[in-house]
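Contents: one structure, followed by commentary.
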Amino acid sequence: MKKIIITVLTTVTAMVVAAFMGLYMLLGGSLENVAQTVRLISTMSFVKSQYVDDVPLVQLVDGAIDGMVKSLGDKHSIYMDDENFKAFMQQTEGSFGGVGIVMGFPKDGTCQVMSVIEDTPSAQAGIQPKDEIIKIDGADVSNMQPDEMAAKVRGDEGTQVVLTVRRQGQEDFDVTLTRAVIPLTTAKGTIIDGTNIGYIRIASFSENTGKEFAKELAALKEQNMGGLIVDLRANPGGLITSCVEIADQLIPAGEIVSMTDKGGHKTIYESQLESFDYPLVILIDGNSASASEILAGAVQDRQCGTIVGTKSYGKGSVQTMLPLNHGDGLKLTVARYYTPSGRSIDGTGIQPDVEVALPENATRDLQLLKAIDVMKEKLGQ
């Protein structure tokens, strides 16, 4: 009997030691890290067993992860539940379930409708540009980050979302919208009336944006375009790979952007384009962020175009998406990026070469008009 007991104790001891060593190695060989992890687990166990009401363990784990990410103090790193993570990931695909608005974020905790896509639920409900969204399904947006707001508006086709809207001169009102499949056309071009100036608006950088841009650019060249204006206003960014695809069509061979991660490893993206034989103007504003700033910064540093508008958002960090095993996920900052001259625009933004404000009560697009004037000067018109 003693032998059996000793054998069991020896086996249990070996398992405990193995578990401890595994945790020790997983946490970088630090006893302090092990102690803090045990602290977290013991606290969770205490709350689970002693709290007056039953609490699902998943609720405690979700809360712990959310608090962990928020403790970083980085507004671009967020934890998303399964519904919000799914909606967020759809932003980079060819279509998504949504209501058909392009949202801008003039300052933290605010959400403004920048434009409304035709023949979508928002257009049919009378949502207008410059409307401010103050609540989403009753939740105040002032405590949300831009990605979280966008994810909450999106969702499966046929589901509903209630937006509380603030419109100048009216009382706040609710609009109930049924989500529909919104085709994600992110690049659209035209020749500006009465000119030979090409214009391409890029709404965001999704997986198809590079190809869409190439198609629009080719069409403008066939129409004997003399110069090109690329509009990045209210473009929140997206996939850096799509941004690089477009830069490779506009910027002569050389550096586009570099990224440096936690370990100091540097990744450099370069253009292979022989030349771009057209004058170039880039439009930006305070809602041009991330990948938009990478493109604008590269054009500015490489001196291959003129930047017109107002100072950009100032997001100089790179995030990666980490799916977790319950459908939820993390968006986590993993690197910082630098323009070709080596500058970081994080918190400072891109200062335009030609600054032009667009007052809220403006009846004409003064920024676009200035971009046209700059282009005409380049063309000698």
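Every number here is computed from the coordinates shown, using simple stated rules; none is lab data. Everything quoted here is computed from the prediction, not taken from an experiment. Positions of Cβ are generated from backbone atoms using ideal geometry, with glycine treated the same way; all protein chains shown enter the neighbour counts.
Only sites in a loop by DSSP and with at most 15 other Cβ atoms within 10 Å count here; which trypsin sites (Lys or Arg not before Pro) in segment 103-191 make the cut?
LYS107, LYS130, ARG167
What whole-number distance in Å separates the alpha-carbon centres of segment 144-217 and segment 276-316? That distance is 20 Å. If you add up the charges near VAL244, with Lys and Arg at +1 and Asp and Glu at -1, over every other residue whose beta carbon is less than 14 angstrom from its beta carbon, what do you get? Charge balance near VAL244 sits at -4. Contact order, relative form, for segment 95-183: 34 percent (alpha carbon pairs under 8 Å, 6 or more residues apart, mean separation divided by residue count). With a simple spin-label model that places each label point 7 Å from the Cα along the Cα-to-Cβ direction, the separation between GLN170 and GLN272 comes to 5.2 nm. A simple rule links phi to the HN-Hα coupling: the Karplus curve 6.51 cos²θ - 1.76 cosθ + 1.60 with θ = phi - 60°, which for segment 114-126 gives 8, 7, 10, 6, 4, 6, 10, x, 5, 4, 5, 8, x Hz, with x for Gly and Pro. To the nearest 0.05, how large is the calculated FRET efficiency for ILE41 and ILE192 if R₀ is 51 Å and r is the Cβ-Cβ distance? The formula returns an efficiency of 0.25 here. In order along segment 213-220, phi translates into HN-Hα couplings of 4, 4, 5, 5, 5, 4, 5, 5 Hz, rounded to whole numbers, per the Karplus curve 6.51 cos²θ - 1.76 cosθ + 1.60 with θ = phi - 60° and x for Gly and Pro. Computed about the Cα centre, the dipole magnitude for segment 187-379 is approximately 260 debye when only Lys and Arg (+1) and Asp and Glu (-1) carry charge, each at its Cβ. Going from the fewest other Cβ atoms within 10 Å to the most, the residues VAL153, VAL38 appear in the order VAL38, VAL153.
Angle of helix 291-301 to the longest C-alpha principal axis of the chain, folded into 0 to 90 degrees and rounded to 10: 50°. Charging the Cβ of each Asp and Glu at -1 and of each Lys and Arg at +1, and nothing else, the dipole of the chain about its Cα centre rounds to 980 debye. For segment 248-302, trypsin sites (Lys or Arg not before Pro) are listed when DSSP marks them as loop and at most 14 other Cβ atoms sit within 10 Å of their Cβ; the list is LYS262. Each Cα pair under 8 Å and six or more residues apart adds its separation to the average, and for segment 187-379 the resulting relative contact order is 19 percent. Only DSSP H runs of four or more residues enter the estimate; each adds -39500 (n - 2.57), and after division by the residues of the chain the mean residue ellipticity at 222 nm equals -11000 deg cm²/dmol. Remark: ILE101, ILE65 ranked as ILE65, ILE101, counting other beta-carbon atoms within 10 Å and listing the fewest first. The ranking of VAL181, VAL113 by Cβ neighbour count inside 10 Å, starting from the fewest, reads VAL181, VAL113. Candidate cross-link partners of LYS376 among the lysines, defined by an alpha-carbon separation under 21 Å and a same-chain spacing of 8 or more, comprise LYS221. Of the GluC sites (Glu not before Pro) found in segment 196-292, those that fall in a DSSP loop while having at most 14 other beta-carbon atoms within 10 Å are GLU274. Near ASP62, once Lys and Arg are set to +1 and Asp and Glu to -1 for all other residues with Cβ below 11 Å from its Cβ, the sum equals -4. Based on Cα contacts under 8 Å between residues 6+ apart, the chain shows a relative contact order of 13 percent. Work through the residues other than LEU163 whose Cβ is under 12 Å from its Cβ and net out their charges, Lys, Arg +1 and Asp, Glu -1. Summing Lys/Arg as +1 and Asp/Glu as -1 gives 0.
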